[in-house]
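All remarks here apply to the structure that follows.
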2 protein chains.
Amino acid sequence: MLEERALAALREAGADEPSATAATRAMMHASRMGVDSHGVRLTSFYAEALRSGQVNGRPDFKVRRTASASAVLDADRGLGHAAAYAGMELACQIAKESGVGAVGVAHSTHYGAAGAYALAGAEAGFIALSTSNADSLVTLHGGAKRFHGTNPIAAAAPVAGARPWLLDMATSSIPYNRILLFRSLQRELPAEVTADIAGEPTRDPHLAEVLTPLGGQDFGFKGAGLAGLVTILSAILTGSTPDHLVPPMNPEEGEPKPHDIGHFCLAIDPERFVGRAGYDALMQQYLTGLRESPGRSGAEILAPGDREWRTMEQRNRDGIPVDPDTARFLKLV
Amino acid sequence: MLEERALAALREAGADEPSATAATRAMMHASRMGVDSHGVRLTSFYAEALRSGQVNGRPDFKVRRTASASAVLDADRGLGHAAAYAGMELACQIAKESGVGAVGVAHSTHYGAAGAYALAGAEAGFIALSTSNADSLVTLHGGAKRFHGTNPIAAAAPVAGARPWLLDMATSSIPYNRILLFRSLQRELPAEVTADIAGEPTRDPHLAEVLTPLGGQDFGFKGAGLAGLVTILSAILTGSTPDHLVPPMNPEEGEPKPHDIGHFCLAIDPERFVGRAGYDALMQQYLTGLRESPGRSGAEILAPGDREWRTMEQRNRDGIPVDPDTARFLKLV
């Protein structure tokens, strides 16, 4: 029902069938796995961007295979999801032939949860990476103004007989909408994750204007460096727009301008390295060691993705909770 | 002089000419750029590992080109530097033909500063990544015991008419030898970067036994996830040993066992994506925007590598400072 309503809302807003289907698939991935910030609540956000013309509802993708292991997909400013799934699928096909495949997705728009695309690659049998740049919300290390986007890095790796290992992380400490959430909860933010309008660190969600890079006051140069790497791979390599020059999606003020960002998809075939059997055995040995590693004060140790897979099982059983605004928008209430 | 002495010390310890030359090149890279933890002070560490047989001084590299974009280099437990430079050089050759090149370096040993290899790739015109796993020194997020290595991620990207953009970061907040340094300085460590023998956070360098992942108490799952990605790419993909099973280099107790870790080299040719001219222009635009971005309280904003390039200029002029132990070992005093 949720899926159908999201699909219908995107169609109504002007998305063609492949765009609406891919965006819904990516949002449902996030909603199922408990990443509600990138789940079906984004439907209204995408619908608005489609209606304003910031996002092209009927994109004409153009793929150029530029060498035996590389390709560029021009997303024609469509919803990023269809382009990112297509880019990852192509990267996997290329990796199957060439050992590794890299696809740059140019001139795209917001693609939701990066993990959806890395996961698609891992489910096809490849070690997969997905990155995307975004409009600026995060300061540089020591910076007073927003510069990079939250620029996610997602990576996934197949695990024989089990769900993939799955890392999906913003290069800021927290996502922007956590500021909004903590405002409504009247709750103090964690230390060293946000700054006020002048770039000074603040834990007050009402003063917080920008995010700060992963690593906080002392080590934020690492988060900022990773964000830069994502910008280079996603935007600069593909000829799209660097974060600080990207017109924001759904701007609070002024005329909305066409969005233009890039994604990067990498797939690696273990078959062409240690071989499938060796890879499977070592991955098993690594994950067993990890899960058996003792936790502080008896805490359970989880591999990246473990928590999300548990949430998925629980939500498959009990259903996906939907926030009131989204429920109204999707006509579920 | 410094370079010759390091070279001589490695030769004396049993390294063949290619091994000694590559290790010295990598150490001099780090010493010139101010990364003294991975500079010539490592000479005695490598010499000891060569003498104990943990590292093979006369390795026989075997290269298998497994597909048009992939290769595996078996480093035969030689010093990691020669293998990592060779792996990156091959990745660049492959990328020139195929758009992207990935080389897994199997059965290698400690390779020093990851940035040395990424830089070599960028100087050849490619966006380059270098990662390596290592013996375990870093807890998992919430973990009570060491599990991952400090598992560096280095990335470099060419900049037309200027030194490359260069990121070289451990996936822990600090390197292990900073604990040792702070012990000798009797100085308190930064918060949330180390833990005691039970995994409890401590700032006392005398109690600190292990490192904790980048991101600290709240966001260490990101640093631990990145460390895991490095293990997967470097060790698992290449059929080498995962961090928690790697015998430590120069163990304080017991018989030294042969070291066995892996590296991963990736090179991407911008020519096969946006094209060289487009890449150069966008990279310029990005870096100009970054360097002009206002700093908090007037702080200067630097791109990754900027500080290191400055240090290099200064050290090229004034010489490289060498700590007393290393000066004695290299017979400089």
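Values quoted throughout were computed directly from the atomic coordinates according to the rules given, and no laboratory measurement underlies them. Note that the structure is predicted; figures quoted are calculated from it, not measured. Quick reminder, even Gly has a Cβ in these numbers, built from the backbone with ideal geometry, and neighbours come from all protein chains shown.
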Evaluate the stretch B:84-93: report whether one residue or more is more than 25 Å from B:MET283 (Cα to Cα), touching a Ser or Thr at 6+ places or on another chain (Cβ under 9 Å) and more than 14 Å from every other protein chain (Cβ to nearest Cβ).
yes
Evaluate the stretch B:122-139: report whether one residue or more is touching a Ser or Thr at 6+ places or on another chain (Cβ under 9 Å), within 18 Å of B:PHE219 (Cα to Cα) and not basic (Lys, Arg).
yes
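Out of the stretch B:108-131, which residues are assigned to a loop (DSSP other than H, G, I, E, B) and either over 19 Å from B:HIS29 (Cα atoms) or within 14 Å of another protein chain (Cβ to nearest Cβ) (or both)? It would help to see each step written out before you state the result.
Within the stretch B:108-131, the subset assigned to a loop (DSSP other than H, G, I, E, B) is B:109-114, B:124-126.
Correct list: B:ALA114, B:GLY125, B:PHE126.
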I need the full set of residues from the stretch A:293-321 which are without any contact (Cβ under 8 Å) to a residue 40 or more places away in the chain, in a helix (DSSP H, G or I) and at negative phi, in order please.
A:ARG296, A:ASP306, A:ARG310, A:GLU313, A:GLN314, A:ARG317, A:ASP318
Among residues of the stretch B:302-325, those that are touching a helix residue (DSSP H, G or I) at 6+ places or on another chain (Cβ under 6 Å) and either small (Gly, Ala, Ser) or closer than 20 Å to A:LYS145 by Cα (or both), counted:
2
Residue among A:LEU226, A:LEU233 that alone is closer than 13 Å to A:ALA134 by Cα and either touching a strand residue (DSSP E or B) at 6+ places or on another chain (Cβ under 6 Å) or within 12 Å of another protein chain (Cβ to nearest Cβ) (or both)
A:LEU233
So how many residues does the stretch A:276-286 have that are under 27 Å from the mean Cα position of the chain (by Cα) and within 9 Å of chain B (Cβ to nearest Cβ)?
3
Does A:SER234 satisfy the condition of being of a type in the set (Ser, Thr, Tyr) and touching a His at 6+ places or on another chain (Cβ under 8 Å)?
yes
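Among the residues of the stretch B:87-117, which ones are among the small types (Gly, Ala, Ser) and in contact with a Lys or Arg (Cβ under 6 Å, 6 or more places away or on another chain)?
Answer for the stretch B:87-117, where residues must be among the small types (Gly, Ala, Ser) and in contact with a Lys or Arg (Cβ under 6 Å, 6 or more places away or on another chain): just B:GLY99.
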Some residue of the stretch B:268-275 being more than 10 Å from chain A (Cβ to nearest Cβ), closer than 30 Å to A:ALA95 by Cβ and either assigned to a helix (DSSP H, G or I) or polar (S, T, N, Q) (or both):
no
Can you tell me how many residues in the stretch B:207-223 are at the interface with chain A (Cβ under 7 Å from one of its Cβ atoms) and not in a helix (DSSP H, G or I)?
2
For the stretch A:1-41, which positions are polar (S, T, N, Q) and either under 24 Å from A:ALA170 (Cβ atoms) or surrounded by 21 or more Cβ atoms within 10 Å (Cβ to Cβ) (or both)?
A:SER19, A:THR24, A:SER31, A:SER37
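Look through the stretch A:41-95, keep the residues that are among the acidic types (Asp, Glu) and assigned to a helix (DSSP H, G or I), and return whichever of them is nearest to A:ALA120 (Cα to Cα). Can you show your working first?
Going residue by residue through the stretch A:41-95, those that are among the acidic types (Asp, Glu) are A:48, A:60, A:74, A:76, A:89.
Subset that is assigned to a helix (DSSP H, G or I): A:48, A:89.
Details: A:GLU48: 27, A:GLU89: 8 Å.
Only one residue fits best here, namely A:GLU89.
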Kindly check whether there is at least one residue in the stretch B:148-160 that is farther than 24 Å from B:ILE301 by Cβ and facing chain A (nearest Cβ under 10 Å).
yes
Lone unmet requirement of (1) farther than 28 Å from A:ALA303 by Cβ; (2) part of a strand (DSSP E or B); (3) not acidic (Asp, Glu) for A:LEU167
(1)
Restricting the search to the stretch B:236-260, which residues are facing another protein chain (nearest Cβ under 8 Å) and among the β-branched types (Val, Ile, Thr)?
B:ILE236, B:THR238
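Please work out which residue is surrounded by the fewest Cβ atoms within 10 Å (Cβ to Cβ), limiting yourself to the stretch B:171-203 and to residues that are in a helix (DSSP H, G or I) and among the basic types (Lys, Arg). Steps first, answer last, please.
To start, the set of residues in the stretch B:171-203 that are in a helix (DSSP H, G or I) comprises B:176-185.
If we keep only those that are among the basic types (Lys, Arg) too, we end up with B:178, B:183.
Values: B:ARG178: 20, B:ARG183: 14.
Ranking the qualifying residues of the stretch B:171-203, first place goes to B:ARG183.
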Residue check for A:ALA69: surrounded by 23 or more Cβ atoms within 10 Å (Cβ to Cβ) and either within 28 Å of B:GLN93 (Cα to Cα) or within 11 Å of chain B (Cβ to nearest Cβ) (or both):
yes
The residue that is nearest to the chain's Cα centre (by Cα), considering only those in the stretch A:218-270 that are closer than 17 Å to B:ALA170 by Cα and surrounded by fewer than 21 Cβ atoms within 10 Å (Cβ to Cβ), is A:PHE221
Number of the exception - A:GLU253 against (1) part of a loop (DSSP other than H, G, I, E, B); (2) touching a helix residue (DSSP H, G or I) at 6+ places or on another chain (Cβ under 6 Å)
(2)
Just one of A:GLY305, A:GLY289, A:GLY298 is at the interface with chain B (Cβ under 10 Å from one of its Cβ atoms) and surrounded by fewer than 13 Cβ atoms within 10 Å (Cβ to Cβ); which is it?
A:GLY298
Being surrounded by 24 or more Cβ atoms within 10 Å (Cβ to Cβ) and assigned to a strand (DSSP E or B) is the filter here; which residues of the stretch A:132-147 pass it?
A:SER132, A:VAL138, A:THR139, A:GLY143, A:PHE147
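Go through the stretch A:39-67 residue by residue and tally those that are within 22 Å of A:GLY104 (Cα to Cα) and not small (Gly, Ala, Ser). It would help to see each step written out before you state the result.
Taking the stretch A:39-67 and keeping what is within 22 Å of A:GLY104 (Cα to Cα), we get A:54-67.
With the extra rule that they be not small (Gly, Ala, Ser), the set shrinks to A:54-56, A:58-66.
Of the residues in that region, 12 qualify.
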